[in-house]
Structures are given as C-alpha cells and as structure tokens.
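The values are calculated or read from the model by the stated rules, or taken from the named source; none is laboratory data. Only a predicted model underlies this, so the values are computations on that prediction, with no experimental measurement involved. Cβ placement follows ideal geometry from the backbone for every residue including glycine, while neighbour counts extend to all protein chains displayed.
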Amino acid sequence: MNVNRRWLLLFLGMLLYSHSAIAGGGAWNRDEDGYYVKIGLASLTAEEEYGMDGERRLLFTDTSLFRNGEFGMTDISLYGELGITDWLTGVASTQYKVAVREALYRPTGRDTTASASGLGDLWLGTRVRLLPRDKPYAASVTLSLKLPTGSPVQEIPLGSGIIDYEASAAVGSSFPVYGDIRGYAQLSGGYRLRNSASNELNYLAEVGINLSEILMVQVVMDGIHSTADFDSDPVEPANALGKRAFVADQSFNRWNVGVIYGATETMDINFGYSWNGSGRNTLASGGIAIGVAWKK
C-alpha cells in the first residue's frame, strides 16, 4: 500500500473512532418525551501508533521520508436522545472536527503540515426497550445508520464517504454500594456492517458510582475488533463509490475515566480522560474531554 495512502487511512480511523457514536448504545431508554442532549469538546493527540502486529511504535517508522510525526484533533461533539414512546428512543450524534498532522520531511529537512476541518459523519439510530421498567435489569437493542456527511476529499479526510450499518444489544442494572451510595453497570456489544471495508465487532463495559447526590465517577472500557486479517499484507480497500473515499480497517481497546457533576436537576457537567490501551493499525492516542448535558 502507498505510504501516504496508508497514513490517510490511519488518521481517518482516529477521526472515525475518536468517540463512540452509537456503538453499544445504552441499556436504558428515555421516558416518552424525555431527552438527553450533550455538547462536548475533546482534544486528542498521538505521537505513536499500534502497527499491524499490535506493537507500539513512533509514527512514520515504516517510511524513510518522514520522522517526528505528530497528530492532533479537536472536536465539538453533539449527542442526543429523544423518547419517542415509552419503549422507543431516537439517538443521533455527530462532530465538528479540526485535525492536524505534522512531521519532518527528511529529504528537505523541513516540517510539513496537513490539516482539515469540518463536519464529521452523522449517526442516526433507534433504541428499543426489551424489559418492563419495573424489572431490576434493563435491556435494549439499538439499530443505527451512518450517513457520510464527513468530507472524504480533504487533505486529511473527515469521513469515509460510505454508508455503514450497525446493530447492538445492551444490558444494565443499578445496585447499592454502601449506605446511600449506589452504582450502576452495563455491558453492550454490536456488529457493524461496513461497505467497502471489513466488518467490525464493538463492545463496551461501563461502571459508575454516585459518590453523592451531585457527583458520579465512571470507568468505561470499549473498543472495536475488526474482522480484517492484519497478519497478512493488507490489500488497499476497494472504493465502492468510485470516488476518493478512504476506509480504514482498525482494532483498538480504549479506556475512559470520567466525573459527572450534577449542576442542577436538569444539567450535568462532564470531565473525562481517555487513552487507547492496545490496537492494530491505529493511533496510540490519548486526550481529555469536557461536556455539558441537558436532560429530562
């Protein structure tokens, strides 16, 4: 595969998976006419990558042309849930992204920069509640569609230019911890059908504990497992649209530690730090995020 093409694929993968869109969804549905709307700001950086073999290394070590590579991205994310009925919730998410790649071009000894900004892909989904609300457990199924609103033709592509589909299931429950302190946990898994790329399995495990009425801590482990064969020399994916679309095959495992502060009964403020713990053909990124959510 052409080196420049491969790096576009690698960077695109970071853009696509900087946030879980609707992957894994959630175990709980909104009440009818209830809503949850969150605006977030995240900053991610990477100076290393996980290669095809899963080993961590500096960026651009597979080429003699570039050194001292760095990649950074800032995005403004918008995520929303709307209770259509008591058992059906609509879900949507997208981001506005600013991405920058810097590296030393060895033949000239000069630093080079590539950048892009614009709207990312739009995910739309519906979450169906499977159990009555009076049960001690919650369960749901989410069906999602990715609309390719992110541009695939910028210097760093902001989207694949291709529609994808996803189905996922989730289960969860709340539980007492100590005294008035309670917690919750949920597990989810899904399967993503990707046009012009290998399909993917996604997974999520999440635990949260209310330290007080207004303060909660969360730990989330999620990831993507691609069905691609990384152990063989990968073939550049075919472009099903006949356009300059880029599609990346990547696997990763990601961790996130966060705090939610309940500013009011209807507004939360979120802080979080996330990092990729392992992966294949993906960036070893880490970053911080802050968000404000309104709910009913």
Where THR94 falls short, out of the listed (1) over 25 Å from the mean Cα position of the chain (by Cα); (2) modelled with pLDDT of 90 or more | (1)
Of the residues VAL257, VAL247, which single one is modelled with pLDDT of 95 or more and under 25 Å from THR74 (Cβ atoms)?
-> VAL257
Does PHE60 satisfy the condition of being under 24 Å from GLU155 (Cβ atoms), part of a loop (DSSP other than H, G, I, E, B) and hydrophobic (A, V, I, L, M, F, W, C)?
-> yes
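Return yes when ASP53 is of a type outside the set (Phe, Trp, Tyr), surrounded by fewer than 14 Cβ atoms within 10 Å (Cβ to Cβ), modelled with pLDDT of 90 or more and touching a Lys or Arg at 6+ places or on another chain (Cβ under 9 Å) and no when it is not. Break it down stepwise before answering.
Values: of a type outside the set (Phe, Trp, Tyr): yes; surrounded by fewer than 14 Cβ atoms within 10 Å (Cβ to Cβ): yes; modelled with pLDDT of 90 or more: no; touching a Lys or Arg at 6+ places or on another chain (Cβ under 9 Å): yes.
Here the answer is no, as ASP53 does not meet what is asked.
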Identify the residue in segment 63-104 that is in contact with a Leu (Cβ under 7 Å, 6 or more places away or on another chain) and among the basic types (Lys, Arg) and, among all such residues, is farthest from PRO157 (Cα to Cα).
-> ARG67
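Take the conditions within 30 Å of VAL153 (Cβ to Cβ), in contact with a Gly (Cβ under 9 Å, 6 or more places away or on another chain), modelled with pLDDT under 95 and of a type in the set (Gly, Ala, Ser) and apply them to GLY279. Does it pass? Talk me through it step by step, then tell me what you get.
Numbers: within 30 Å of VAL153 (Cβ to Cβ): yes; in contact with a Gly (Cβ under 9 Å, 6 or more places away or on another chain): yes; modelled with pLDDT under 95: yes; of a type in the set (Gly, Ala, Ser): yes.
It is true that GLY279 is within 30 Å of VAL153 (Cβ to Cβ), in contact with a Gly (Cβ under 9 Å, 6 or more places away or on another chain), modelled with pLDDT under 95 and of a type in the set (Gly, Ala, Ser).
Report whether or not GLU48 is farther than 27 Å from PHE252 by Cα and among the acidic types (Asp, Glu).
Working: farther than 27 Å from PHE252 by Cα: no; among the acidic types (Asp, Glu): yes.
Answer is no for this residue.
Every residue in segment 25-46 that is within 19 Å of the chain's Cα centre (by Cα) and in a loop (DSSP other than H, G, I, E, B), please. Step through it out loud before you land on a result.
At the first step, the residues of segment 25-46 found to be within 19 Å of the chain's Cα centre (by Cα) are 25-27, 36-46.
Once the filter is applied, which keeps residues that are within 19 Å of the chain's Cα centre (by Cα) and in a loop (DSSP other than H, G, I, E, B), segment 25-46 yields GLY25, GLY26, ALA27.
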Determine which member of the set GLY286, GLY279 is surrounded by 19 or more Cβ atoms within 10 Å (Cβ to Cβ) and of a type outside the set (Asp, Glu).
-> GLY279
Would you be able to say whether some residue in segment 133-148 is over 30 Å from VAL207 (Cβ atoms) and in contact (Cβ under 8 Å) with a residue 12 or more places away in the chain?
-> yes
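Pick from LEU82, LEU59, LEU65, LEU15: which is at pLDDT 90 or above and among the aliphatic types (A, V, I, L, M)?
On the way: LEU59 fails: at pLDDT 90 or above; LEU65 fails: at pLDDT 90 or above; LEU15 fails: at pLDDT 90 or above.
Answer to the selection: LEU82.
Please specify each residue of segment 61-72 satisfying the condition of being in contact with a strand residue (DSSP E or B) (Cβ under 8 Å, 6 or more places away or on another chain) and in contact (Cβ under 8 Å) with a residue 60 or more places away in the chain.
Kept after step one, since they are in contact with a strand residue (DSSP E or B) (Cβ under 8 Å, 6 or more places away or on another chain), are these residues of segment 61-72: 65-72.
LEU65, PHE71, listed by residue number.
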